[in-house]
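To start, the structure itself, in structure tokens.
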Amino acid sequence: MNHTPTRRPGIAAVMSFETRKLLAQKRTPITLVVAAVIPIIIAIVMNGQARPPKDTLFGRFIHDSGWSMPLLLLGFAGQWLLPLLTSIVAGDIFASEDQHGSWKTILTRSTSRTQLFVGKTFVALGFALVAYVILATSTIVASVVLIGHQPLVGLNGQVIASHDAARLVIESWASVAAPLLGFTCLAIALSVLTRNVAVGIAAPVALGLVMQLVGALGGVELIRPLLLTTPLEAWHGLFADPAFSGPLVVGLVVSAVWCIVSITIAFVVFRRRDYLG
């Protein structure tokens with residue numbers, strides 16, 4: 001009698017299961033809706049203000065060009081919103097299993113720990129990117145619709161044509177995806193290490209604020225490029241005259257290092273921890 005060997009579920013099966021589980025949670029659609037709606041509300045409110053925030057980067061030009069508002073909001077988003085946006089899922093995706101005591105059930109299935117880790121990690125990274133694309137798209141579209149697509153004044157007072165400004169704004173938002181993934185991986189590591197949902201979600205935000213405070217201090221020039229928050233501002237060079245991209249390249253490398261170190265630590269701990277004892 002021939003027995004057909006049963007194919008073990010792989011990473012795709014884990015991702016499918018985790019995605020369905022994620023979509024079944026109320027916070028997932030709420031987070032995505034907030035990412036889409038909040039930029040519109042902020043753009044409407046700030047556009048209605050008689051006095052623009054002149055003390056902020058590009059703030060003084062928000063009534064003159066629709067390309068200023070996305071850059072203003074990008075600066076604010078990097079301070080706390082982006083770490084929070086990504087840690088909502090990444091900081092919970094492993095720790096929630098500890099909270100519900102479900103590891104014994106999950107790990108006794110035929111899926112290996114490596115496949116489980118990779119699948120969960122891909123889902124967390126995917127959610128972060130989807131939420132970020134929604135946030136960026138909503139911000140840019142709302143700003144252009146409300147204000148227009150007039151030429152933009154650069155950091156050195158140069159006038160940037162509308163089509164060039166559109167490209168630079170999109171590139172600026174795209175460049176921040178690298179540190180966003182860095183914070184996602186950091187949240188995953190904290191989720192694994194602490195086994196606590198609250199810490200996994202809140203700690204990346206707190207660490208991001210601490211990094212910003214450290215980066216603003218004097219005498220930390222050697223440390224500042226290594227902080228995960230520094231790449232959040234690397235896009236500024238795109239609007240200088242002449243433009244420079246050195247900080248963007250450094251930011252990509254720094255973000256990649258944070259991703260690799262965080263995921264490696266999380267993976268090693270996850271592989272070695274005794275969940276069944």
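The values are calculated or read from the model by the stated rules, or taken from the named source; none is laboratory data. Treat the numbers as computed from the prediction; the structure is a model and nothing was measured. Glycine gets a Cβ as well: all are built from the backbone with ideal geometry, and neighbour counts include every protein chain shown.
Residue check: E97 meets all listed conditions (1) without any contact (Cβ under 8 Å) to a residue 12 or more places away in the chain; (2) farther than 30 Å from L276 by Cβ; (3) among the charged types (D, E, K, R) but one, namely (2). Taken over the stretch 52-80, residues that are touching a residue at least 24 places away in the same chain (Cβ under 8 Å), surrounded by fewer than 23 Cβ atoms within 10 Å (Cβ to Cβ) and closer than 17 Å to S138 by Cβ amount to 2.
Here is a yes/no grid of residues against (1) surrounded by 21 or more Cβ atoms within 10 Å (Cβ to Cβ); (2) more than 21 Å from the chain's Cα centre (by Cα):
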{"residue": "L227", "(1), (2)": "no, no"}
{"residue": "W235", "(1), (2)": "yes, no"}
{"residue": "L238", "(1), (2)": "yes, no"}
{"residue": "A243", "(1), (2)": "no, yes"}
{"residue": "Y275", "(1), (2)": "no, yes"}
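Candidates V33, V14, V45: the one that is among the β-branched types (V, I, T) and surrounded by 13 or more Cβ atoms within 10 Å (Cβ to Cβ) is V14.
Of A161, A142, all but one fail to be in contact (Cβ under 8 Å) with a residue 40 or more places away in the chain and at negative phi; the exception is A142.
Can we say T31 is out of contact with any Ser or Thr (no Cβ under 9 Å at 6 or more places or on another chain), in contact (Cβ under 8 Å) with a residue 24 or more places away in the chain and within 22 Å of A198 (Cα to Cα)? For T31, the condition - out of contact with any Ser or Thr (no Cβ under 9 Å at 6 or more places or on another chain), in contact (Cβ under 8 Å) with a residue 24 or more places away in the chain and within 22 Å of A198 (Cα to Cα) - is met. In summary, L168 fulfils each of the numbered conditions (1) at pLDDT 95 or above; (2) closer than 30 Å to W103 by Cα; (3) touching a Leu at 6+ places or on another chain (Cβ under 6 Å) with the single exception of condition (2). Of all residue pairs spaced 6 or more apart or on separate chains, those with beta-carbon atoms under 9 Å, a first member in the stretch 258-277 that is under 14 Å from P204 (Cβ atoms) and a second member that is not in a helix (DSSP H, G or I) are W258/L228; A266/F94. Of A266, A256, all but one fail to be at pLDDT 95 or above, crowded, with 17+ Cβ neighbours inside 10 Å and of a type in the set (A, V, I, L, M); the exception is A266. Any residue at all in the stretch 179-199 that is in contact (Cβ under 8 Å) with a residue 12 or more places away in the chain, polar (S, T, N, Q), surrounded by fewer than 19 Cβ atoms within 10 Å (Cβ to Cβ) and in a helix (DSSP H, G or I)? Within the stretch 179-199 (the criterion being in contact (Cβ under 8 Å) with a residue 12 or more places away in the chain, polar (S, T, N, Q), surrounded by fewer than 19 Cβ atoms within 10 Å (Cβ to Cβ) and in a helix (DSSP H, G or I)), the answer is yes, since at least one residue qualifies. Of everything in the stretch 229-253 that is touching a Ser or Thr at 6+ places or on another chain (Cβ under 7 Å) and touching a residue at least 12 places away in the same chain (Cβ under 8 Å), the residue that is farthest from G208 (Cα to Cα) is L238. Only one of the listed residues (F267, F244) is over 18 Å from T86 (Cβ atoms), part of a helix (DSSP H, G or I) and among the aromatic types (F, W, Y). That residue is F267. Restricting attention to the stretch 120-152, the residues being crowded, with 22+ Cβ neighbours inside 10 Å and not in a helix (DSSP H, G or I) number 1.
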